[in-house]
Every structure is written in C-alpha cells, then in structure tokens.
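Values quoted throughout were computed directly from the atomic coordinates according to the rules given, and no laboratory measurement underlies them. Quick caveat, the model's predicted, so the values are computed rather than measured. Positions of Cβ are backbone-derived with ideal geometry, glycine not excepted, and every protein chain shown enters the neighbour counts.
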C-alpha cells in the first residue's frame, strides 16, 4: 500500500467489553461503533502487562516488558539500545506527533524526560492535574491560558467541565495537528488519561448514566474467599463486595468517561473528513490495559490477570484497503499492534521485534481466527508496594486457545481457568487433580515462553568463535 497517515488513539485503562458494537448495550460509543462497522476488530487482544509503563514500553519497542528491561511504574530511566517504533517511523519520513500521556519513564515528582522518540509535535500531559510548573505540562498550560485553574474548577463537586477536560484538550491538539499543511505522511499518537481513575467524569456526562441501569461487576461470594489466598500479591486496594465498592455507581461513571472519549474522537474524525484526509488515514483505537471495575471483588489494577484487566479493545479502520465489519477472535497481543504500525508505515520489521504483522488479516488475505497459539502477560514488581497490599510481586500469565494459567512466583500460588466453560474465571482449577496434567503442560509451555521470548542472549553472533 502507499504510505498512509496513521491516527493512533490510545485510552488509559479501558476494558475490552466497553464498545457498543461489540456487545455492550449500556455504553454510548457511536463513533467507535462506526470504526467497528468500517474496520477490523480483534476481540481477544491482550496487553503485555496490566500496568501502564511496562505495557506502553512493550508497545513502543515491540518487545515483552522483561525483554525491554522496563517492567515498573515509577522507573528512573529507559533503555536506549532498542529504538522506539515512533523513532523508526519518523526516520522513515513520517511527521510524528504525540498528544497526552507517554509514560515510558516516571512522571512522578518531575516532568517526564524526553527520550529519542521521533516526535516533532509534542503536547505532553501525563495526568490532568494543575500542579505542574509553567511550561512543563501542555494541558495545565492550556487550562491556565484559558484563564482557569483546575483546583478551583474542582472545588464544587470535583468535576472538571467538559470544555476544560483533558480529553477535550487532546482533541483540540489533534485538530490543530491534522489541519496543518503536511508535505509528508504523518502519524499522530493520542493518549488520553480517561477512563483511568479517579472516576470523575464531567457532570453533564455523569448524569447520562444511572447506577441502577448498570449490570454491575462479574462477582460471586466465593470470590472474596479466593482473593484472600492472594492477599500477599500486589493490588491497589482490598477485595470487597460490589455494594461496598459502590461498583454500579463507579461503572456508570466509567461509562460516562468513555462517552466523552467517543464524542471527542468524533471531532477528530470530522476534521479528517473536512480536510479530505480520511480516505488516506489508518485509524487505530486501543488501550494500554483494562480495569477490574469490581470483578471478583477487585477495583483498579495490580498483579492479577483477569479478562477485564488484561484484554483491551483493538480496532483498525481504513476503508480504502482494510476489511469492513470483520471481528477476529484469534489471540492477539499489543505487540502485534506495534508490528502492524511499522508495516503500515512501510518499514521492514526488525529481526528482534516480537510482534506479528496483522496486515494480511486486515486486508483479507488470511483469516483472523488463528493468529497466535498463546498470549503472555507479565507483572514484575510493577507497582510501588507502599501503595499496594502486596510486597513486590512477580507473576506471569500464559493462555492458549482454551486455558489461562497464572503463576505468582515465590508465593507457591497459581490459577488455572477454562475460558471455554468459564469465561469470567470463577472456577479456579489450579488444585483440581483432574486438571493436573493440563496444569503441568501449561506450566511447561509458559516456562518455555519465558525462556524463548524474554531472555536477552546478548549481541549478534558474527563468527563461529
């Protein structure tokens, strides 16, 4: 294909089951639904870590987090020996822009340092706060330039009005970038902070969703007993019953945040139409990881690998050349998004890259029901344990076409689920003797994946000795 523009929209902490056209009747996502109708959706797409920085590092390098040597939130530095895909795309002749969050290194107590990222257009906003020094946070500067102060805006009910919301600001920046006179193809990476907690949508969106209309989390009373066995494994908060979490109310707020995202994405797509660039722009919608949202008694994120936390939306739309209204249920990873971005840009995928190019599926050359044999997800001391219930956990997830294996290393703990019979993971088969052979096989395969996929064997061999 001729090298198209790339519009890559990535939300933060959005579950896979939050798209109307993919089966959720409570959400309001007409814009995303249009992308589903006019594109290709991967309905079993897994992130490589349930935590922001390692997941984003994996996407931006094409390597599993442990292979990248970047597994923690709050990390000081980023390895320089593997180029970011944005740098490769920029070096190939694309004009690259970044709006919103990046989070490959810590943005705590400091502005996030720039890497060799290839972005010419840089409108950085790690989190929608107003406590950043002037000139060091684009969103906060925009709020102040419009004569407002986020702290004052929040004082009444802790709700920032829609017109001053970070998601709206991101669309303003995107419209600015898209409307410029581009002499080369461009890639724009938009990373909004929502629907990341705290769950505080603008009031005009919150009132559109009622707690009593929400389906609530996937929860059984037995979940609380099960989570007690994992009490020493990192997580943000303690397991509770849905009513103790006020889970339906939070779900309503979460859906309100997604509705705002959908409306603001519509503004961006309208600009593509108005500038006559839509037909030459590949549009991608995804998220870095999910959110528990009360499932199994858990809220937020941490060292768990349940579907709501590690499975994310992954939608490609390019009516000019891609299939339309195609839903693929083959196992995919966000590493595959990384490889496909390079392929779309016409760049040869490096030998070290661990993703699979999805272009043959997107263009209808190969089916999308068998893509990978397995998916891998990692949690290696990913959260600051002073803010979690655990103590620096290490864990891995491995799933094949039917079963999911989770191993909590050094804890003598694990989980095993039959996703065919038990898609919401209520029946842990780890200690069931009837499944011991399956468990042993999956442990063996998971160990092989760790050795074969994440071991750094050093520099390239140039001679036999």
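Points worth noting:
- Candidates 170, 140, 247, filtered to the one that is buried (at least 19 other Cβ atoms within 10 Å of the Cβ), over 23 Å from the mean Cα position of the chain (by Cα) and under 30 Å from residue 28 (Cβ atoms): 140
- Which listed residue, of 293, 269, is under 22 Å from residue 159 (Cα atoms) and outside any strand (DSSP E or B): 293
- Meets criteria (loosely packed, with under 14 Cβ neighbours inside 10 Å and under 28 Å from residue 409 (Cβ atoms)) for residue 391: yes
- For the range 27-45, the criterion of a residue being touching a residue at least 60 places away in the same chain (Cβ under 8 Å) and within 18 Å of residue 378 (Cα to Cα) is satisfied by at least one position.
- Residue count for the range 285-314, restricted to those that are farther than 22 Å from residue 215 by Cβ and within 12 Å of the chain's Cα centre (by Cα): 4
- Scope the range 272-290; condition in a helix (DSSP H, G or I) and in contact with a strand residue (DSSP E or B) (Cβ under 9 Å, 6 or more places away or on another chain); matching residues: 272, 280
- Meets criteria (buried (at least 22 other Cβ atoms within 10 Å of the Cβ), touching a residue at least 60 places away in the same chain (Cβ under 8 Å) and either on the phi < 0 side of the Ramachandran plot or in contact with a strand residue (DSSP E or B) (Cβ under 8 Å, 6 or more places away or on another chain) (or both)) for residue 239: no
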